[in-house]
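The values are calculated or read from the model by the stated rules, or taken from the named source; none is laboratory data. Bear in mind that the values here come from a model prediction, so they are computed numbers and not experimental data. Here the Cβ is made from the backbone with ideal geometry for all residues, glycine too, and neighbour counts use every protein chain on show.
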Amino acid sequence: MNRREIISLIILIVVIGFGAYKYLTRSFTELKSQYLMDTIVEISATSQSKNVGRQIDSVFNFIRSLEDKLNEYDPNSYLGKINADSLNTVFDMDPDMYNLLTIADSLFKMTNGAFDPTIKPVWDLWNFNAENPVPPDSLVLKEMLSKVDFTKIRYDEKRLIKPLGMQLTFGAIAKGYILDKARDHMQTLNLDNGYINCRSSMTFFGYKKPQIVYIQHPRKLDDYIASFKVLNQSISTSGDYQQFYEYNGVRYHHIISPFTGYPVPDVHSVTVLCSSAAWSDGISTALFLLPPETVLDSIKQIADCEAIIYYSKADSLASIKTAGMKDKDLKEKL
């Protein structure tokens with residue numbers, strides 16, 4: 001075999017080897033969506049298995065099982081039964097409920113009571129899910145506020161003690177918590193990378209390059225107000241445009257202060273970035289409930305957490321953000 005033949009053979013071996021490598025390491029990506037948790041949930045995943053679509057379906061089923069347990073609007077759910085019970089004050093604890101209470105407890109303390117998961121009776125008075133909602137009577141609102149006080153809740157890993165008439169809502173953290181659990185489930189399936197998006201919250205894993213995320217403009221619903229880059233983290237946005245109605249020219253949105261019983265004024269959007277979707281979800285609501293000028297001091301106590309807040313200042317839209325947002329290649333359209 002002469003020199004030319006040897007070189008040709010080497011090239012052939014390299015080509016065959018590269019082709020075999022590409023075949024053995026080939027990947028498949030699928031994107032699917034379903035209506036869950038009162039919104040469109042979108043899941044993308046990449047895998048070396050052709051069955052990646054079935055793997056995504058199993059994640060949807062996993063999400064559905066948690067939603068069935070924690071859905072406060074389902075009278076047959078674990079949480080629904082606790083809220084509807086007018087006879088008992090002591091309940092067996094569920095592990096997921098314990099985790100949610102622990103997060104809510106931390107946020108309650110962080111905001112000096114502004115984040116209160118016992119706000120449900122007051123929130124329900126606003127009828128955001130009604131066809132033609134109207135603001136509640138002020139006297140009825142004041143009476144219902146007497147049932148809001150998270151300090152009256154007692155819990156440990158075995159039981160929950162809740163006064164009669166008091167109800168719990170985890171609307172501010174449940175979606176993020178479910179996303180965390182679903183992301184962990186995805187990682188047990190040996191997926192290369194993926195994300196879960198439920199509009200107000202997203203979580204990523206396994207990516208080697210940062211992904212671009214957009215923040216919805218709070219007043220221009222067909223546009224975005226900012227973009228930034230994330231690498232395998234979670235993002236949540238609380239906005240006054242997500243659930244609201246106008247009555248007699250006044251806009252009423254769904255983030256209610258437990259101190260006044262009314263929607264928080266002047267704040268329009270809070271986006272939080274951190275490792276956990278449950279925490280980014282909860283913190284975005286917690287910060288919404290605080291005066292914008294105090295937000296940065298509050299968030300300093302939370303490791304690896306960044307935030308950007310849009311609010312009204314002198315009749316204009318202004319923003320406040322943590323210093324770390326600059327490292328995320330933040331671009332704003334104010």
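Listing for the model above:
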{"quantity": "Count - residues of region 208-234 that are within 19 Å of the chain's Cα centre (by Cα) and basic (Lys, Arg)", "calculated": "1"}
{"quantity": "Boolean, residue 227 is over 23 Å from residue 102 (Cβ atoms) and touching a strand residue (DSSP E or B) at 6+ places or on another chain (Cβ under 6 Å)", "calculated": "yes"}
{"quantity": "Residue that is part of a loop (DSSP other than H, G, I, E, B) and either of a type in the set (Asp, Glu) or touching a Leu at 6+ places or on another chain (Cβ under 9 Å) (or both), where the choices are 160, 191, 164", "calculated": "164"}
{"quantity": "Test: residue in region 72-84 that is modelled with pLDDT under 95, within 23 Å of residue 154 (Cα to Cα) and under 17 Å from the mean Cα position of the chain (by Cα)", "calculated": "yes"}
{"quantity": "Residue count, region 89-101 (criterion: touching a residue at least 40 places away in the same chain (Cβ under 8 Å) and within 22 Å of residue 165 (Cβ to Cβ))", "calculated": "8"}
{"quantity": "Condition broken by residue 227, with the remaining ones in (1) surrounded by fewer than 20 Cβ atoms within 10 Å (Cβ to Cβ); (2) assigned to a strand (DSSP E or B); (3) without any contact (Cβ under 8 Å) to a residue 24 or more places away in the chain satisfied", "calculated": "(3)"}
{"quantity": "Cβ pairs under 8 Å, 6+ apart, first in region 41-70 and over 15 Å from residue 29 (Cα atoms) and in contact (Cβ under 8 Å) with a residue 24 or more places away in the chain, second of a type in the set (Lys, Arg) and surrounded by 15 or more Cβ atoms within 10 Å (Cβ to Cβ)", "calculated": "60/32; 62/181; 66/181"}
{"quantity": "Scan of region 85-104 for residues that are over 19 Å from the mean Cα position of the chain (by Cα) and closer than 20 Å to residue 179 by Cα, ordered by number", "calculated": "94, 95"}
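For (1) in contact (Cβ under 8 Å) with a residue 12 or more places away in the chain; (2) aromatic (Phe, Trp, Tyr); (3) surrounded by 14 or more Cβ atoms within 10 Å (Cβ to Cβ), each residue gets a yes or a no:
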{"site": "76", "(1), (2), (3)": "no, no, no"}
{"site": "83", "(1), (2), (3)": "yes, no, yes"}
{"site": "103", "(1), (2), (3)": "yes, no, yes"}
{"site": "128", "(1), (2), (3)": "yes, yes, yes"}
{"site": "144", "(1), (2), (3)": "yes, no, yes"}
{"site": "156", "(1), (2), (3)": "yes, no, no"}
